Amino acid sequence: MDEMKFYELSEIYKNPPHFKKIENPTYSYEGFSPSCGDNFTVYLKVNDKKIEDASFFGYGCVVSTISLSKLCDYIIGKNIDILNEIDLAKIEALVGIDQINPSRIKCATLGIDSFKKAVTNKKEPKN
């Protein structure tokens, strides 16, 4: 990773865009990853199937925080169906990393998994 990319990602982690609670969200879901201890609630404000705002609030590792921030940037303004098209490869492309370490995949996908569960209202108990 070049120095500029490292600096960009460091700044996102220190001051993540979209790190807030949305008042009266259309959808929300508390995602938890026991492998790392990441715990974020994700929020979506949707109007006529268009994502008007997306955010997250909580705590987590560098990988989950940066992935969530980049994911929010990407989905705002798009049709809610975009969530079904996002996978690990897309997250890696958004973050700008060729391949996320296999031990950090759950961290990287916590955000998209949580947004999908928020929309489908599939609540799962914490372990």
Revision key, fill the gap. Restricting the range 91-102 to residues that are assigned to a helix (DSSP H, G or I) and surrounded by fewer than 16 Cβ atoms within 10 Å (Cβ to Cβ), the one modelled with the lowest pLDDT turns out to be 102
Review point. Does residue 80 satisfy the criteria of being under 17 Å from residue 25 (Cα atoms) and within 12 Å of the chain's Cα centre (by Cα)?
Key: no
**Study point:** residue 73, sole failed condition from (1) in contact (Cβ under 8 Å) with a residue 40 or more places away in the chain; (2) in a strand (DSSP E or B); (3) charged (D, E, K, R)
**Key:** (2)
Revision key, fill the gap. When the range 34-57 is checked residue by residue, the ones that are small (Gly, Ala, Ser) and either surrounded by fewer than 19 Cβ atoms within 10 Å (Cβ to Cβ) or more than 15 Å from residue 110 (Cα to Cα) (or both) are 35, 37
Review point. Across the range 69-79, what is the number of residues that are surrounded by fewer than 19 Cβ atoms within 10 Å (Cβ to Cβ) and touching a helix residue (DSSP H, G or I) at 6+ places or on another chain (Cβ under 9 Å)?
Key: 2
Practice item. For the range 25-38, name all the residues that are at pLDDT 95 or above, touching a Ser or Thr at 6+ places or on another chain (Cβ under 9 Å) and assigned to a loop (DSSP other than H, G, I, E, B). Key: 25
Study note, to complete from the structure: Inside the range 12-24, the number of residues satisfying the requirement of being in a helix (DSSP H, G or I) and surrounded by 12 or more Cβ atoms within 10 Å (Cβ to Cβ) is 2
Study note, to complete from the structure: From the option list 111, 60, single residue qualifying as touching a Leu at 6+ places or on another chain (Cβ under 6 Å) and crowded, with 22+ Cβ neighbours inside 10 Å is 111
Exercise for review: Working only within the range 44-57, note down all residues that are among the charged types (D, E, K, R) and in a strand (DSSP E or B).
Suggested key: 45, 50, 52, 53
Exercise for review: Inspect the range 58-68 for any residue being closer than 17 Å to residue 27 by Cα, touching a residue at least 40 places away in the same chain (Cβ under 8 Å), in a helix (DSSP H, G or I) and touching a helix residue (DSSP H, G or I) at 6+ places or on another chain (Cβ under 9 Å) and give the result as yes or no.
Suggested key: yes
Practice item. Looking for whichever is modelled with pLDDT under 95, in a helix (DSSP H, G or I) and in contact with a helix residue (DSSP H, G or I) (Cβ under 7 Å, 6 or more places away or on another chain) here; the options are 105, 82. Which one fits? Key: 105
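The values are calculated or read from the model by the stated rules, or taken from the named source; none is laboratory data. What you see is a predicted model; the values in this text were computed from it and never measured. All Cβ positions, glycine included, derive from the backbone under ideal geometry; neighbour counts span all protein chains shown.
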